[in-house]
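Asker: Please read through the structure below; I'll follow up with questions.
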Amino acid sequence: IRPGHRSIVRVTPMELKSQPSLRSIEPWRRGCRFSNESDNMSIFNHYTQVGCIHECVSKRAFNFCGCAPWDMPLETNHPICDLYDLIK
């Protein structure tokens, strides 16, 4: 918005609800988890989809490189990648 002008932004909230039958499909197949299926999360205490995705990307990065990027911490005992580790 340019100085001296105003704009109106409409925000429409949306809530997604899953059918109970969705729980019978395995999490890896449906591409998401329910909050009670977050028992193997180690970075975040409370489940959110964004947190779950962040944690999965962090674990994949560690499995690929053997170290954790500085901005994607895993457990404290994992080494932090240096520039050369990130270029693999």
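The values are calculated or read from the model by the stated rules, or taken from the named source; none is laboratory data. On a predicted model such as this, the values are computed, not experimentally measured, just so you know. These accessible areas exclude ligands, DNA and RNA; they are computed on the full protein's heavy atoms, side chains included. Shrake-Rupley method; radii C 1.70, N 1.55, O 1.52, S 1.80 Å.
Asker: Hey, can you find the accessible area per residue of region 3-44 for me, probe 1.4 Å, expressed in square angstrom?
Answerer: Averaged over the residues of region 3-44, the accessible area is 102 Å².
Asker: For region 1-75, which whole percent of the accessible surface, found with a 1.4 angstrom probe, sits on carbon and sulfur atoms?
Answerer: The computed percentage sits at 55.
Asker: What residues have an amide H closer than 5 Å to that of Ala68, excluding those fewer than 5 places away on the same chain, when H is modeled at 1.01 Å from N in the peptide plane?
Answerer: Ile80, Cys81
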